[in-house]
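Everything below concerns the one structure shown next.
We did not get these values from a lab; they are worked out from the coordinates using the rules stated. Nothing here was measured: the structure is a model prediction, and the numbers come from that model. Every residue, glycine among them, receives a Cβ derived from its backbone with ideal geometry; neighbour counts consider all protein chains shown.
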Amino acid sequence: MTNRDNIFDDDWILIFLDTFNEKRRAYSFFLNPIGIQMDGIRTEEGGNDNIDISWDTVFYSDGKIDKEGFTIEMAIPFKSFRFPDREDKIWGISIARTIARKGEIIVWPPMSKEESIVESDC
């Protein structure tokens, strides 16, 4: 057991959701291999690492470690965040994975430290 938001010593998965598709702000959802959660809001002000983890919402997660690595599941209720009240909803999404023991971070779609928050529309 550990406190929520205490995941950076482990491997973790991150999902950024830019629900307004502005490429300036994104809801951030982190999970480690056993499902421990961290969430926040990332803004472009302050650089690439600017995530306000004081924002907390309810979402559900689980994780499982096996011989192949790990699997996580996440369910985020839409009422957990804001999005435009339009018929067509176009959101941006970025997904990242870190391997702590290697100091490696993999991001999809690929981005550099100089790029915006979220580059892929869905």
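Points worth noting:
- Across segment 76-92, coupling constants 3J(HN,Hα) worked out from phi with the 6.51/-1.76/1.60 Karplus curve, θ = phi - 60°, read 10, x, 4, 6, 6, 8, 8, 7, x, 8, 10, 5, 8, 10, 10, 10, x Hz, and Gly and Pro carry x.
- Net length available on complete extension from THR43 to ILE65 is 4.7 nm, with 0.36 nm assigned per residue and the Cα-Cα distance removed.
- For the chain, a crude dipole built from +1 on the beta carbon of Lys and Arg and -1 on the beta carbon of Asp and Glu, taken about the Cα centre, is about 140 debye to the nearest 20.
- Of PHE81, ILE106, PHE70, farthest towards positive along the dipole that unit charges on Lys, Arg, Asp, Glu beta carbons give the chain: PHE70
- Each Cα pair under 8 Å and six or more residues apart adds its sequence gap; the mean of these over the residue count of the chain is a relative contact order of 29 percent.
- GNM flexibility winner over the chain from ARG82, ARG42, ARG97 (Cα, springs under 10 Å): ARG82
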